[in-house]
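The values are calculated or read from the model by the stated rules, or taken from the named source; none is laboratory data. Note that this is a predicted model, so its numbers are computed, not measured. Positions of Cβ are generated from backbone atoms using ideal geometry, with glycine treated the same way; all protein chains shown enter the neighbour counts.
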Amino acid sequence: MKVSHYLLILIFLFSLELIAQSTQQFADLGEFRLVSGEVIKDCKLGYRTFGTLNEEKSNVILFPTWFGGKSESLANHVGQGKIADNTKFYVITVDALGNGISSSPSNSKDQAGEIFPEITILDMVNSQYQLLTEVFGFKKIYGMIGGSMGGMQVMQWIVTYPDFMERAVSYVGTPFLTSYDKLLWQTELNIIDLAKACPSDEKELLKAIAGLHNYALQTPSYRISKTAPHEFDEFINTIYDNYTKIFNSDDWKSQLKAMMNHDITKSFNGSLKEAASAVRAKILIIVGTQDHMVNPTPSVEFAEILNAELYQFKNDCGHLAPGCEMEKFVQLVNNFFALQ
């Protein structure tokens, strides 16, 4: 057999293995009690796995979804030369509650739409802890990484279950929202509530949210440089098309409210220093200095208090700053997670 043919077969078999591993799976969490005391009935948590769990079960990395994200999308960031290297680690990408895959307003049989219980970032973390401890049987994992709302989950994880992980990476996340962040999220929430009161067409509602959301996603200079005025109609229509196909306004509202309520200092007398004193893991915090969606100031302050590793992307890509320097981003994360 020619070497080239042999390599093709190996690549094909590896691809089949990766596809099998990345199949959408669900954990049944039963009657899942939220921090509010309410219960999500028949709670399901979606996840996917990549790589091989070693004999010591010491190479696990958790990767929760960003706002509105799906574990399927996270799969694009898993692999050799990517931010979650499944050739070295057993990577578990998990669908956060309210994302339309795990239990959410859009897919609940008994609590659909507006009657779905209000969730928090802590509820997302607690559901993931139940997944890892009860379904997988882990007592501890090597690390976790999350971006945006995923980074908020990581921030909550490290103070709520401080001994459960050795290393954690939060990128473009925050320990709590600033008033500037809340201004955006509250306005999106107001749009949804106003539209629901009318009521209005779901697609038109999502288009209104999409325009505002993308207004804050990157910097003015980035958008001006990337989209000429005569290209605007094509640009905005593409956004409208993508958002109306992917998102659901009830799920959007559910996760919006979870972020609005996010503040890891709540259990620490409102003190970021007290919250930091609970942290046991080694931490890497990554921000974009021109992030107009999740202001980097609290994360920078938290990193300084923790004496944690901190990297600040100074490009004009806004909230998507790490992705605009992907090679550097991957290097930072891979070096941080390097097995000793």
Could you identify the single residue in Thr219, Thr289, Thr227 that is crowded, with 20+ Cβ neighbours inside 10 Å, of a type in the set (Ser, Thr, Tyr) and within 26 Å of Pro322 (Cβ to Cβ)?
Thr219
Going through (1) crowded, with 24+ Cβ neighbours inside 10 Å; (2) part of a loop (DSSP other than H, G, I, E, B) one by one, Gln80 fails only at (1)
Spans of helices (runs of 4 or more DSSP H) in segment 257-340 with at least 3 residues aliphatic (A, V, I, L, M):
272-278, 297-306, 326-337
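From the list Ser106, Ser127, exactly one residue is modelled with pLDDT of 95 or more, buried (at least 24 other Cβ atoms within 10 Å of the Cβ) and not charged (D, E, K, R). Which is it? Let's see the steps before the verdict.
On the way: Ser106 fails: buried (at least 24 other Cβ atoms within 10 Å of the Cβ).
Just one listed residue meets the conditions, Ser127.
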Using beta carbons and a limit of 9 Å, which pairs, at least six apart or on different chains, have the first residue in segment 323-340 and surrounded by fewer than 16 Cβ atoms within 10 Å (Cβ to Cβ) and the second one outside any loop (DSSP other than H, G, I, E, B) and among the hydroxyl-bearing types (Ser, Thr, Tyr)?
Lys328/Tyr311; Leu339/Tyr142
Would you be able to say whether some residue in segment 204-214 is of a type in the set (A, V, I, L, M) and over 21 Å from the mean Cα position of the chain (by Cα)?
yes
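Looking for whichever is under 17 Å from Phe26 (Cβ atoms), assigned to a loop (DSSP other than H, G, I, E, B), hydrophobic (A, V, I, L, M, F, W, C) and more than 12 Å from the chain's Cα centre (by Cα) here; the options are Ile101, Ile119. Which one fits? So that I can check it myself, show each step before the final result.
Working: Ile119 fails: under 17 Å from Phe26 (Cβ atoms).
Answer to the selection: Ile101.
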Of everything in segment 221-244, what is in contact with a helix residue (DSSP H, G or I) (Cβ under 9 Å, 6 or more places away or on another chain) and within 26 Å of Pro105 (Cα to Cα)? Give them in sequence order.
Ile239, Tyr240, Asn242, Tyr243, Thr244
Those residues of segment 300-322 that are touching a Lys or Arg at 6+ places or on another chain (Cβ under 9 Å) and either without any contact (Cβ under 8 Å) to a residue 24 or more places away in the chain or of a type in the set (A, V, I, L, M) (or both) come to a total of 3
Looking at Thr133, Thr120, which one is more than 21 Å from Met259 (Cβ to Cβ) and at pLDDT 95 or above?
Thr133
Among the residues of segment 188-216, which ones are free of Cβ contacts under 8 Å to residues at least 40 places away in the same chain, surrounded by 15 or more Cβ atoms within 10 Å (Cβ to Cβ) and among the charged types (D, E, K, R)?
Lys207
Using beta carbons and a limit of 7 Å, which pairs, at least six apart or on different chains, have the first residue in segment 240-253 and small (Gly, Ala, Ser) and the second one in a helix (DSSP H, G or I)?
Ser249/Ile192; Ser249/Glu202; Ser249/Leu205; Ser249/Leu206
